[in-house]
Amino acid sequence: MVRPVNEHDTLLFPDSIDRLTDFASLISLDLTDIFFTLDSGFDSDYNKRLIESHQMIPVIKPNRRGTKDEKKLEKMFNNFNEQVYKKRFVIERVFAWQDTYRKLVTRYEKLESTHNGFKYLAYSMINLRVFVK
């Protein structure tokens with residue numbers, strides 16, 4: 001899905017999670033009780049309920065919002081699974097590797113199929129670099 005660069009991710013989230021679950025059911029992938037991690041920009045009760053409505057477990061880093069009250073902070077971090085959230089780094093690292101390919105960072109292609117072809121080529125190069133070590 002291609003969207004304007006000035007449209008924030010939090011606005012795209014409800015439609016994106018619906019598309020994700022639709023695609024998962026299309027390929028017979030069960031997303032029930034999996035962890036769904038997001039950064040603190042997505043920390044809201046609405047997003048947590050939306051994830052739970054799709055039978056997934058939200059792991060969203062709490063946004064402190066300038067809070068200094070220890071009791072409020074303890075309540076915010078009470079249900080936060082830090083062990084699962086730390087594994088998010090693996091995915092973020094792949095995106096960073098992808099960003100080393102200038103053709104993917106600045107999109108020159110008008111056709112989505114051409115852009116996806118370059119993505120597949122970049123992922124192949126990333127995997128080759130990892131497996132050849």
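No lab work stands behind these numbers, since they all come straight from the coordinates. Because the structure is a prediction, the values reported are computed rather than measured. Note that each Cβ is placed from the backbone with ideal geometry, even for glycine, and that neighbours are counted across all protein chains shown.
Couple of notes before you dig in:
- Interchain or long-range residues, amide H under 5 Å from Thr37's placed H: Val59
- Charges were assigned to the Cβ only: +1 to each Lys and Arg, -1 to each Asp and Glu. The resulting dipole of the range 1-81 about its Cα centre is roughly 420 debye.
- Per the Cα gyration tensor, the range 1-81 maps to an equivalent ellipsoid with semi-axes of 27, 17, 8 Å, ordered largest to smallest.
- Relative frequency of Cα-Cα separations exceeding 22 Å in the range 40-133, percent: 53 percent
- Span-rule helices in the chain, defined as complete DSSP H runs reaching 27 Å or more along the axis (Cα) with Kyte mean at least -1.0: 112-132
- The radius of gyration of the Cα set in the range 87-133, together with its Dmax, comes out at 11.6, 35 angstrom.
- Here is how the number arises for the chain: DSSP H runs of 4 or more residues each give -39500 (n - 2.57), the sum is divided by the residue count, and the result at 222 nm is -17500 deg cm²/dmol.
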